[in-house]
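I have placed the structure first, in the form of structure tokens, so that the comments after it can refer back to it.
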Amino acid sequence: MKRFFVLKTAMLLLLGAVISTSLFAQETKAQKKADKTARIKSLIDSQNYVFVAQNALPMSGRMRNLTSEYNVIVGADSVISYLPYFGRAYTSVDYGATKSPLDFKTKSFDYNITPGKKDGWNITIKPKDHRSVQSFNLSVSSEGYASLQVTSSDRSPISFDGYITEQKTKKKK
């Protein structure tokens, strides 16, 4: 009888420990998600982040996984786009042109942030001095996942899926 009581008490203590551990784990998950959302929001508000493209979705054709590092670096004073283009050009293209129309750097652009429908943000970037690209429409979730739609004046639209991360600062030697 005494043995049964000790066994029952040990089981209750073990059950209490498991429940308290799982509650603590849920609190830390919620805290981690809140921290990540705050970090992404601060990156977007400071205009100092990198969109890293993982997939390209041309208007016609199939989705393509990108194996190289393609990105758009957004800074407070400049936007540097290094993205591939798969699609159709509506005007004549220079013969032998090997550079992507989405490979450019601009210091003259409009930047507009609006809140997303559920959570996250919609960002519109309109380069003023790059005639081919009309706008970049970037939809960012609170977890940092992002989708970029590129609208061009002389080419078919293209979309990219990826994520937002902070810019890595270059160390001086």
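The values are calculated or read from the model by the stated rules, or taken from the named source; none is laboratory data. Quantities reported herein were computed from a predicted structural model and do not represent experimental measurements. Here the Cβ positions follow ideal geometry from the backbone for every residue, glycine too, while neighbour counts run over all protein chains shown. These accessible areas exclude ligands, DNA and RNA; they are computed on the full protein's heavy atoms, side chains included. Shrake-Rupley method; radii C 1.70, N 1.55, O 1.52, S 1.80 Å.
Odds and ends about this structure:
- Top-ranked residue of region 115-159 - restricted to ones that are among the hydrophobic types (A, V, I, L, M, F, W, C) and more than 10 Å from the chain's Cα centre (by Cα), ranked as farthest from Asn48 (Cα to Cα): Ile158
- Residues located in region 112-133, provided they are charged (D, E, K, R) and assigned to a strand (DSSP E or B): Lys126
- Entry remark, region 113-125: residues being surrounded by 11 or more Cβ atoms within 10 Å (Cβ to Cβ) and out of contact with any Phe, Trp or Tyr (no Cβ under 6 Å at 6 or more places or on another chain) number 7 in total.
- Residue pairs whose Cβ atoms lie under 6 Å apart, sitting 6 or more positions apart in sequence or on different chains, and linking a residue in region 50-74 that is over 10 Å from Pro84 (Cβ atoms) and touching a residue at least 24 places away in the same chain (Cβ under 8 Å) to a partner that is hydrophobic (A, V, I, L, M, F, W, C) and open to solvent by 90 Å² or more (accessible area, probe 1.4 Å), are Asn55/Met63; Leu57/Met63.
- Screening region 55-74 for residues that are under 24 Å from Phe109 (Cβ atoms) and under 15 Å from the mean Cα position of the chain (by Cα) and picking the one that is most open to solvent (accessible area, probe 1.4 Å) gives Glu69.
- Selection count, region 134-155, where residues are closer than 16 Å to Asp103 by Cα, touching a residue at least 40 places away in the same chain (Cβ under 8 Å) and either assigned to a strand (DSSP E or B) or polar (S, T, N, Q) (or both): 5
- Qualifying residue in region 92-108 (condition: part of a strand (DSSP E or B), open to solvent by 60 Å² or more (accessible area, probe 1.4 Å) and modelled with pLDDT of 90 or more): no
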